[in-house]
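To start, the structure itself, in structure tokens.
Please treat every number below as a calculation from the coordinates, not as lab data. Every value quoted in this text rests on a predicted model; they were computed, and no experiment measured them. Please note: Cβ atoms are built from the backbone with ideal geometry, for glycine as well, and neighbour counts cover all protein chains shown.
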Amino acid sequence: MPYTPNDTERDALSRIRACLGPKGWVDDADALAPWLIDSRRVYEGRCLGMARPANTQEVAEILAIAYQAGLQIVPQGGNTGRVGGATPDATGRQLLLNLARMNSVRDVDAANYTMTVEAGCILKDLQGVAEQADRLFPLSLGAEGSCQIGGNLASNAGGINVVRYGNARDLVLGLEVVLPDGRIWNGLRRLRKDNTGYDLKQIFLGSEGTLGIITAAVLKLFPLPKERATALVAIADLDTAVTLLERARSASGDALMSFELMPGFALDWAEKHVEGAKQPFETTYDWTILMEIGGPRTDGAARIALESLLESAFEDGLVIDAVLPQSEDQRTQIWFLREAIVEAQVREGAQVKHDVSVPVSQVPRFIREANAAVAEMMPGIRPYPFGHVGDGNIHYNLSQPIDMPAAEFLGHYAKLQHRVHDVALSLDGSISAEHGIGRSKRDELLRCKSAVELDMMRSLKSLFDPKGLMNPGKTIPDA
Ligand SMILES: Cc1cc2nc3c(=O)[nH]c(=O)nc-3n(C[C@H](O)[C@H](O)[C@H](O)COP(=O)(O)OP(=O)(O)OC[C@H]3O[C@@H](n4cnc5c(N)ncnc54)[C@H](O)[C@@H]3O)c2cc1C
């Protein structure tokens, strides 16, 4: 049964529609459908309609009306999130608020190495805007063609360049936020030094839409690397990943931009399942690393640094094989392979996914202990750990045993996840390095935060959102 709004809600909705105009309101079932299901197709919801404001003032008006009427708001960017954070619940009583129309770049200040952008800008477009100004905006991840910067900031996204430039929260100097009651906080400061009390923007970064709507941000830019020296290497064993990482950071003067671990068989799976992906090695090695060093000039210095690093790593037995792309095309192919391993795993059957982090030095131990733990629980299970070793972040994914029906395997999802999280937590790790908590890890959060930490989180939530209207049911576990 579709939800029937009461008089107060109906009145609020008609005021919201009047404020937004026809371009800013969607309630047609077909048009809404893609926005009511999350990117993993785990959560599906319903809603009163989707508001698509064109500017900050409209967001403020919608929130003020919703606040008075007690309407719940689900903020949404590109809807690429992996934890169900942008999907409304099944009641049909929530209002989706999608920022896609707020996609202007307000300012690029090349001398200040900043750009001021609206929340609905697509990440890839912003990388292009920075590049046109001979600058780098380093946030880069698989969903960059459709995710929005507002969603990236709200979920504190990471990606492939964190080892050098940090997470989304490290890339922000200022924010504009509309609070749940409709007040606008203009914190769009472009300062690298500002010691005037609490750093409020950090409260909203990573808050997953539970405290307010991010409408604009001042983003940090960096010198655009003129050279990228890339290598795909096979390493002697898992421990070598950490040693090689240490060496690569030192040898490059910390210009190491990416350091991605992939099991050798993942490259085979990519070639088998994903058109255009090619395993470049003749042998299936146990472990491979895709690494990239950035350089400020086109004189080949980064490549020379990379080659000399690899030479000594070969001599010391750390690296046993390597492919160095000779052209931009070949480099693109290697990065395509890195992206393809994600799709390849999907084609191999059902998966249980994790997004954990541990101190970098503990990555090999984490993988070994998690492998042993899941094998004990389910003989034949196929661990598929890959990810951003440079940040201690492993997407510790599991593929179903070949002879087990998918449904049976997925029936063990919670138990497997619990066990893998146990291993990460025992090594001072986190159950979410990148994707956030959303709906899917809310209960798990309860066992990895202390009572004091949970209390502080809940206090902040009720301070900013006393009526509990912003993205209810997400991120913060019920008391
Ligand atoms: C193929 C693929 C690869 C990925 N790889 C990586 C990776 O390498 N590293 C990584 O960190 N992540 C990765 N991700 C996850 C990615 O970080 C998120 O999908 C993305 O940051 C979310 O952006 P979005 O615009 O789609 O937000 P949505 O999915 O729409 O929303 C995400 C959360 O933010 C909230 N929100 C959205 N916009 C706003 C706003 N303006 N104000 C307040 N709250 C808001 C939503 O309510 C929700 O809780 C990947 C995802 C995919 C699909």
Next on the checklist: Can you tell me the length gained on complete extension of the stretch Ala33 to Ser361, counting 0.36 nm per residue apart and subtracting the Cα distance?
Outcome noted: 113.7 nm
Item to check | Mean separation of Cα contacts under 8 Å, 6 or more apart, over the residue count of the stretch 351-426: relative contact order % | outcome: 43 percent
Item to check | Sequence-separation-based contact order of the chain, relative, with Cα cut under 8 Å and 6+ spacing, percent | outcome: 15 percent
Next on the checklist: Going 7 Å from the Cα of Lys272 along its beta-carbon direction, which residues of the stretch 344-381 have the amide nitrogen within less than 18 Å of the resulting point?
Outcome noted: 344-352, 380-381
Item to check | Most to least packed among 271-277, 356-362 [average Cβ atoms within 10 Å] | outcome: 356-362, 271-277
Checklist entry - What is the packing order of peptides 457-469, 96-108, 254-266, taking the mean over residues of other C-beta atoms within 10 Å and listing the highest first? => result 254-266, 96-108, 457-469
Checklist entry - Once the convex hull of the C-alpha atoms of the stretch 293-407 is built, how many Å³ does it hold per residue, rounded to a whole number? => result 145 Å³
Item to check | Nonlocal amide H pairs with Val172, under 5 Å, H built at 1.01 Å | outcome: Lys220
Item to check | Span from the the stretch 340-419 Cα centroid across to the the stretch 183-259 one, whole angstrom | outcome: 26 Å
Checklist entry - With θ set to phi - 60° and the Karplus curve 6.51 cos²θ - 1.76 cosθ + 1.60, what are the ³J(HN,Hα) couplings of the stretch 102-119 in order, to the nearest whole Hz, using x for Gly and Pro? => result 8, 10, 8, 8, 7, 6, 10, 10, 4, 5, 8, 6, 9, 9, 10, 9, 8, 4
Item to check | the chain: angle of helix 413-426 to the longest principal axis, Cα-based, in degrees nearest 10 | outcome: 70 degrees
Checklist entry - Is the shape of the stretch 227-345 rounded, prolate or oblate, going by the alpha carbon gyration tensor and its root eigenvalues a ≥ b ≥ c, with a/c under 1.5 for rounded and a/b larger than b/c for prolate? => result oblate
Checklist outcome for this item: Most exposed first, judged by fewest Cβ atoms within 10 angstrom, Thr4, Thr56, Thr215 run Thr4, Thr56, Thr215
Next on the checklist: How would the stretch 268-322 be classified by its alpha-carbon gyration tensor: rounded, prolate or oblate, with rounded meaning a/c under 1.5 and the a/b versus b/c comparison settling the rest?
Outcome noted: oblate
Checklist entry - Helix 7-20: angle to the longest alpha-carbon principal axis of the chain, degrees 0 to 90, nearest 10? => result 70 degrees
Next on the checklist: Test of understanding: ordering Ile149, Ile122, Ile73 by Cβ neighbours within 10 Å, fewest first, what list do you get?
Outcome noted: Ile122, Ile73, Ile149
Checklist entry - If you build the Cα gyration tensor of the chain and take the root of 5 times each eigenvalue, what three semi-axes come out, in whole angstrom, biggest first? => result 39, 27, 20
Checklist outcome for this item: Heads up, the stretch 312-355 by the C-alpha gyration tensor (a ≥ b ≥ c square roots of eigenvalues; a/c under 1.5 rounded, else a/b over b/c prolate, else oblate) looks oblate
Checklist entry - Size of the dipole of the chain about the Cα centre, Lys and Arg at +1 and Asp and Glu at -1 on the beta carbon, nothing else charged, in debye to 20? => result 1380 debye
Next on the checklist: Please list, in order along the stretch 333-348, the HN-Hα scalar couplings obtained from phi with the Karplus expression 6.51 cos²θ - 1.76 cosθ + 1.60 (θ = phi - 60°), rounded to whole Hz, x for Gly and Pro.
Outcome noted: 5, 5, 5, 4, 4, 4, 5, 5, 5, 5, 5, 4, 5, 4, 6, 8
Checklist entry - Any idea what Rg and Dmax come out to for the stretch 26-105 if you just take the C-alpha atoms, in Å? => result 12.3, 36
Checklist entry - Given H placed 1.01 Å from N in the peptide plane, which residues other than close sequence neighbours of Asn397 have an amide H under 5 Å from its amide H? => result His354, Tyr384, Phe386
Next on the checklist: Expected output is a single nm value to one decimal: the length gained when fully extending between Thr8 and Gln68, i.e. 0.36 nm times separation in residues minus the C-alpha distance. What is it?
Outcome noted: 20.7 nm
Next on the checklist: Sort 443-450, 63-70 by packing, meaning the average of other beta carbons within 10 Å per residue, with the highest value first.
Outcome noted: 63-70, 443-450
